[in-house]
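Written below as structure tokens is the structure these notes are about.
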Amino acid sequence: MVITRSLFLSAVMCCLLWNVQPCDAQTGERQIAQSLVIENGEHTEMKYLKYLPPAYDSNEEKWPLLLFLHGAGERGNDLEMVKVHGPPKMIAQGRDFPFVVISPQCPEDVWWSIETLHALINEIVETHRIDRSRIYVTGLSMGGYGSWGLAGTYPGLFAAAVPICGGGEPEKAHLMKDIPTWVFHGAKDTAVPLQRSQEMVDALKAAGGDVRFTVYPEAGHVGAWENAYGDPELWEWLAKQRKE
């Protein structure tokens, strides 16, 4: 398999926002639009947003990597849609994270491709200063399903997983029992029933997994990830996770 990179933007520089942030020299964007082209018998392109922490260019240290997977409503060919929810939205609003944050966009009318996501992670790890012991995945709705699927398929890759209002295959949950996992769901979710997360959590617990489960009694579908990503405890917990 041959992987090539094509950048939408030819230069990445630092510029002034409220303070010094990595951003595009022309637009001032803090999340840079890029794409990964994979030639594996088919021509597969995955567009994504890349965020680098403010101090990324000031030293030679390695950084954690956070992969964010959006929901079904943000699929398509417009990366601005990826900024509607979750970490990309928070970054666009001025929030800083102590992670390199990669937010891919799933093409319209399909679901997340686990193999393409794996190729994207490998590309970022190979081309950036990434701490391989601190790679995290999170996602909401369809991205929650993608988080379960990716962590279960490549359990040795991740130091933590945060699936929100998603679901998966309970019979495969044991494969990721060694990944610290924090699951979130809204009790009043009518798009993805609470049971989808509950059955994955139950399967992980039965396998001896390290899993936390937060249910918001009054939250629906959107409320689950708004509450989860808005909770400082989540980010404090995530930053402490490291593979031994």
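Worth pointing out:
- Residue that is surrounded by 19 or more Cβ atoms within 10 Å (Cβ to Cβ), touching a Leu at 6+ places or on another chain (Cβ under 8 Å) and on the phi > 0 side of the Ramachandran plot, where the choices are Gly71, Gly86, Gly94: Gly86
- For the stretch 145-189, taking the residues that are assigned to a helix (DSSP H, G or I) and over 19 Å from Glu115 (Cβ atoms), the one that is nearest to the chain's Cα centre (by Cα) is identified as Ala173.
- Single residue of Ser141, Ser133 found to be in contact (Cβ under 8 Å) with a residue 12 or more places away in the chain and at positive phi: Ser141
Rundown of residues vs (1) in contact (Cβ under 8 Å) with a residue 60 or more places away in the chain; (2) under 15 Å from Ala206 (Cα atoms), yes/no style:
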residue: Tyr145; (1), (2): no, no
residue: Gly152; (1), (2): no, no
residue: Pro155; (1), (2): no, no
residue: Glu169; (1), (2): no, yes
residue: Lys172; (1), (2): no, yes
residue: Lys177; (1), (2): no, yes
residue: Pro180; (1), (2): yes, yes
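- In the stretch 76-99, the count of residues that are of a type in the set (D, E, K, R), touching a Gly at 6+ places or on another chain (Cβ under 9 Å) and either outside any helix (DSSP H, G or I) or farther than 19 Å from Gly156 by Cα (or both) is zero.
- Any hit, the stretch 192-202, residues being of a type outside the set (Lys, Arg), outside any loop (DSSP other than H, G, I, E, B) and in contact with a Lys or Arg (Cβ under 6 Å, 6 or more places away or on another chain): no
No value in this document is a laboratory result; all are computed from the given coordinates. Fair warning: this is a prediction, and the values are worked out from it, not measured in the lab. In this analysis, Cβ positions are derived from the backbone assuming ideal geometry, glycine residues included, and neighbour counts consider all displayed protein chains.
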